[in-house]
Amino acid sequence: MTEREIVRMTLRGERPPYVPWSFRFTQEANRALSAYLGTANLERAVGNHILELGSDIGFFEDLGNDRVRDVFGAVWDRSVDKDIGDVQGVVLAEPSLRGFVFPDPLDRRFFKDIPGRIRSAPGAFRLREDDTRPRAVEAGGRERPDLV
């Protein structure tokens, strides 16, 4: 059975032959484990069953001095916590969205890595990070609800 079939069994409420897994690591742990295993492709090395597509934490503009701005305009101080950071200041001075411009959800950078990542893990269940419900996608980025 492929990893995708194991995850699909689980989502259908069937008893899989074992519990599927998917690991992610902090930057520090990622570097250490990559060095130990001798590979930069940890998803394949640890046998993840779920291939996360898109960016799980978003895209950032480097502001220098360990600070970045996300697509919503929030500034993150990453001088201590290099993975997440601490938010500095506020994006909305008042409790209103009037005048706020949301990022374009169809921005190409959200999708640019999908075909290559699918080719790198053909047997994995594919999960897009921009939604809370599982959605399977194929190499071209087209949704395949029949695969969930």
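Miscellaneous remarks
- The one condition in (1) modelled with pLDDT of 90 or more; (2) closer than 19 Å to GLY123 by Cα; (3) more than 18 Å from the chain's Cα centre (by Cα); (4) surrounded by fewer than 14 Cβ atoms within 10 Å (Cβ to Cβ) that MET1 fails to fulfil: (1)
- Here ASN41 meets each of (1) closer than 22 Å to PRO115 by Cβ; (2) more than 15 Å from the chain's Cα centre (by Cα) with one exception, condition (2).
- When the criteria are applied in full, ILE84 fails the requirement of being of a type in the set (Val, Ile, Thr), under 22 Å from GLY116 (Cβ atoms) and at pLDDT below 95.
- Residue selected from the range 51-76 under the condition in a loop (DSSP other than H, G, I, E, B) and modelled with pLDDT of 85 or more, by the criterion nearest to the chain's Cα centre (by Cα): VAL71
- Contacts under 9 angstrom Cβ, first residue in the range 52-63 being closer than 17 Å to ALA124 by Cα, partner modelled with pLDDT of 90 or more and of a type in the set (S, T, N, Q), 6 or more apart: GLU52/SER22
- Any pair with Cβ under 7 angstrom, 6 or more apart, that starts in the range 21-50 at a residue that is assigned to a strand (DSSP E or B) and ends at one that is of a type outside the set (Val, Ile, Thr): ILE50/SER22; ILE50/ALA124; ILE50/PHE125; ILE50/LEU127
The values are calculated or read from the model by the stated rules, or taken from the named source; none is laboratory data. Please read all numbers here as calculations on a predicted model, not as lab measurements. All Cβ positions, glycine included, derive from the backbone under ideal geometry; neighbour counts span all protein chains shown.
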